[in-house]
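Worksheet for the structure shown next.
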Amino acid sequence: YPLCALAVSDERPVSTQSTWAPCRGFTPKLNAWYQKNKSKMPAGKKMEFIFNSWDRDEESMTNYWGEKMDFLARPYAAESVKEDLNKLYEVQGIPSLVIVNAKTGETITTSARGKIDSDPDAAQFPWEKQSVSFMGPECIDALNGCPIVMAHASPAKRDDIAAALKGEADKYAAKCKADGDWPGLMEVEFVVDDGSHELSGRVSGLIKKEATEVLYIMHLGGKGVFTLQGDDAVTTSDQINAETVAKLVAAYEQNRSTLKKRALEL
């Protein structure tokens, strides 16, 4: 197992990227984070990075790695290792950052890229996936890949709203773990949007979010937004609680015709 063979750490991020433009923007931030936090791990814990290059030739990879990175790299000639890592962690695009427990081989998260910005001091490292997420870069795979229960609230209320989502979210997390797919996408993801990240405005603009849409299931692939209606309608964040979340999820699972659907023009 390549990671365990190379490992000297408890948590090992695997960075898959190359010299193309998006990676050039990410790499300096990644290296700065590494330099700042490597020595801050708790007692008995270590952390190391591995660069898994997608560069087209060895010279490009070697020059870029030597100029921009202070961490380990996969030997360029080990092409089969590159392909094995891409397949193992289902890497679809770059840059990508995966966190692995190097002692056990357990995947902790495949969506760590956004944490470099959102957790600059490694306070939450190694970033185990939670059943409820907050709007930010770590939600991008979910936004593109599956239905999402989306709840909107102010920053002051975001933890309360996350708690309201957690009961239903934990059920999907348990199934995902039982199926051996964790920490991959659940069949339905759960996200709290407190408006603090710029991605919030982009997503709301993309779906042309309406003012009364504060609790809904959004599926970009299915081009629809589903909300409770009639006496069960939720139009303010004060109405978001475990009961209304459960009603929304149950209706989506069992009889979507009982929900109001707004078609998305994407």
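Rank-order 31-37, 143-149 by packing density, defined as the average count of other C-beta atoms within 10 Å over each peptide's residues, highest first. Display every interim value, and only then the final one.
Values: 31-37: 15.9, 143-149: 18.6.
The most tightly packed comes first, giving 143-149, 31-37.
Going toward the positive end of the dipole of region 151-232, with +1 on Lys and Arg Cβ and -1 on Asp and Glu Cβ, which of Leu165, Gly230, Leu199 do you reach last?
Leu199
So what's the gap between the Cα centers of region 138-190 and region 33-87, to the nearest angstrom?
30 Å
To the nearest 20 debye, what is the magnitude of the charge dipole of the chain about its Cα centre, counting +1 on the Cβ of each Lys and Arg and -1 on the Cβ of each Asp and Glu?
On the way: 32 positive and 39 negative charges, 29 e Å.
Dipole about the Cα centre, nearest 20: 140 debye.
For region 153-250, with only Lys/Arg (+1) and Asp/Glu (-1) charged at the beta-carbon, what is the dipole magnitude about the Cα centre, in debye rounded to 20? Show your work: numbers first, answer last.
Working: 11 positive and 17 negative charges, 48 e Å.
Dipole size: approximately 240 debye.
Work out from phi, with θ = phi - 60° and the Karplus expression 6.51 cos²θ - 1.76 cosθ + 1.60, the ³J(HN,Hα) of each residue of region 167-182, listed in order in whole Hz, and give x for Gly and Pro.
Rounded to whole hertz, the list is x, 6, 4, 5, 5, 5, 5, 4, 5, 4, 5, 4, 7, x, 9, 6.
What's the Cα-based Rg to Rh of the chain, Rh via Kirkwood? Can you show the working numbers first?
On the way: Rg = 20.2 Å, Rh = 19.9 Å.
Result for the chain is an Rg/Rh of 1.01.
Quote the Stokes-Einstein diffusion coefficient, in whole µm² s⁻¹, for region 142-218, based on the Kirkwood radius over alpha carbon pairs, a temperature of 37 °C and a viscosity of 0.692 mPa s. Spell out each step's value before the answer.
On the way: Rh = 13.2 Å.
For the chosen part, D equals 248 µm²/s.
Subtracting the Cα-Cα distance from 0.36 nm times the residue separation, let me have the gained length for Asp121 to Asp70 in nm, one decimal.
Details: separation 51, 0.36 × 51 = 18.36 nm, distance 1.79 nm.
Length gained between Asp121 and Asp70: 16.6 nm.
How about region 162-191: which GluC sites (Glu not before Pro) there are in a DSSP loop, with at most 15 other Cβ atoms within 10 Å of their Cβ? It would help to have the intermediate numbers written out before the result.
Working: sites: Glu168, Glu187, Glu189; in loops: Glu187.
Here the GluC sites (Glu not before Pro) that fit, given the DSSP loop and packing criteria, are Glu187.
Under the 0.36 nm per residue contour assumption, what length would be gained going from the current alpha-carbon distance of Lys223 and Lys38 to full extension? The partial results should precede the final answer.
On the way: separation 185, 0.36 × 185 = 66.60 nm, distance 4.25 nm.
Extra length available between Lys223 and Lys38 comes to 62.3 nm.
Quick check on region 102-196: take the gyration tensor over C-alpha atoms, sort the square-rooted eigenvalues as a ≥ b ≥ c, and tell me if it's rounded (a/c under 1.5), prolate or oblate.
Here region 102-196 falls in the oblate category.
Using +1 on the beta carbon of Lys and Arg, -1 on that of Asp and Glu, and nothing else charged, what's the dipole of region 168-212 about the Cα centre, debye to 20? Don't skip to the end; give the middle numbers.
Numbers: 6 positive and 10 negative charges, 22 e Å.
Roughly 100 debye, rounded to the nearest 20.
A short reminder: the numbers here are calculations on the coordinates, not readings from a lab. As the structure is a prediction and not an experimental result, all values here were calculated from the model. Please note: Cβ atoms are built from the backbone with ideal geometry, for glycine as well, and neighbour counts cover all protein chains shown.
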